[in-house]
Amino acid sequence: MKKQILLLLTTFTMFSQKYKIPNYYEFEREGKFGKVNYKGQIVIPAIYDSFGQDENGYFPAQLNGKYGVIDKNNKVIVPFKYDYVDHMKNDLVRVQLNEKYGWINLKNKVVIPIIYDSITLLNDGTFIASKNEKIGLIDKNGKVIIDYSTFGIGDAIQEIGYSENKIVFEKDGKSGFLDRQQKEIIAPKFDGAYSFHNNYAIAIVDKLYGIIDQSGKFVVDPTFTNIYYYKGFYETVKNKKKGYLNSDLKEILPTEYYEVEDFSEGLAVVEKDKKFGLINQNGEFIIPLIYDGAHECTEGLIAVLKNGYWGFVDPTNKTIIDFKFTGNVWPFKNGVAYYNKRGFSSMGKYNDEIVGLIDKKGEIILAPKYKEIGYLKNDGCLIAQKDGKDYLINLKGEEIFQLKDTELVPIMDSLN
């Protein structure tokens, strides 16, 4: 297979990754693969060579060396005629045929012709594609928005696509911004740039980060070694210390803390001089810097470490679950918290070889005996790893079904 051209994107990962809890899980029998639902019921028999990432009950699959798409009833939606089917998004499917890529819909109708060396669906619904070592941007109807002759393979268009009707582009090693008519609205003069949010964007000059307005003028001087944007706040980094600006670029926390976490339920964990506390979105300390460790606030509870033991307090710093857990505990999700019995009683230094679950009464509901636990469903269904194997289990620890090797997402990272 011809080596796929790598698009050199000017994107930097600025957002915390979120995980979608699956409704279906892969299992293996005699070298073939199928799917079960979260109750352990077989919905797709083990007749396929492999599966891709499913979306909305549709599954890219391989059968007899060719790729297609089936639904949750094992009905063929896209025929098994492609050399590869590697991605689904917004009910569209990226396919490969004769070493070229394109996109089709679930009616097997070609949306983007299968003529590109590589092509990716962006967050705003447009596509970034490469062809003959040039790259460009295509809309959902296949119309070229940014011509391939404009940018060489060493230049780039930002992966996130358009934001506030602007898109980052790179030319001759410098980043600037275009509008939807390909008009250059901010000249490529930065060493790097991010998408606009609320009229501001992060830009880089001489390896230092600042924030520009829509004219390209710095409104926060490039004096920081890094700046991260997340949900209306800017985390600033300088001399290995961190702080916060709000969406109006007002400093709410000076850049003098060893660690600052993202806001969760209106509160953020901060660390200074090896002590942890929590601030609100005005930068006011709601919980003072008195703890030896802390995790984000979820479901109204905050895991904090004191004198070698973990417990949980509420946002008023009232103890809700006594300080009795050694090792480590993690934030509550879906009414339970991930509990590691073994390990060191300090932030970031613990052994997660054996884990279990606790409830909001502080009682152990699943004994710590698993290597990993993830994907909690509302009815109490989990995936757990034990003795090198993955199982679908319930909160009683009963094994419902043995699965194929799974990339487990711990409960602390799972979402409904």
Problem - Residue list for region 266-297, restricted to those being assigned to a loop (DSSP other than H, G, I, E, B) and loosely packed, with under 14 Cβ neighbours inside 10 Å - result: G266, D273, K274, N282, E284
Handout entry: Lone qualifier among V95, V85 - being at pLDDT 95 or above, more than 18 Å from P22 (Cα to Cα), of a type in the set (A, V, I, L, M) and surrounded by 16 or more Cβ atoms within 10 Å (Cβ to Cβ)
Key = V95
Problem - Those residues of region 115-131 which are assigned to a strand (DSSP E or B) and either of a type in the set (A, V, I, L, M, F, W, C) or crowded, with 20+ Cβ neighbours inside 10 Å (or both), in sequence order - result: I115, Y116, I119, L121, F127, I128, A129, S130
Practice task
Return the total of residues in region 73-114 being outside any strand (DSSP E or B) and either charged (D, E, K, R) or under 23 Å from G125 (Cα atoms) (or both).
Solution key: 9
Handout entry: Scan of region 55-68 for residues that are modelled with pLDDT of 90 or more and closer than 17 Å to N23 by Cα, ordered by number
Key = Y58, F59, P60, A61
Practice task
For region 235-256, indicate whether the set of residues that are farther than 30 Å from D147 by Cβ and of a type in the set (G, A, S) is non-empty.
Solution key: yes
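Each row is one residue, and each column tells you yes or no for (1) surrounded by fewer than 17 Cβ atoms within 10 Å (Cβ to Cβ); (2) modelled with pLDDT under 60; (3) farther than 27 Å from I114 by Cβ.
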residue: T13; (1), (2), (3): yes, yes, yes
residue: F33; (1), (2), (3): no, no, no
residue: Q53; (1), (2), (3): yes, no, no
residue: I70; (1), (2), (3): no, no, no
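The values are calculated or read from the model by the stated rules, or taken from the named source; none is laboratory data. This one's a predicted model, so the numbers in the text were calculated from it and none came from an experiment. Glycine also receives a Cβ, built like all others from the backbone with ideal geometry; neighbour counts cover every protein chain displayed.
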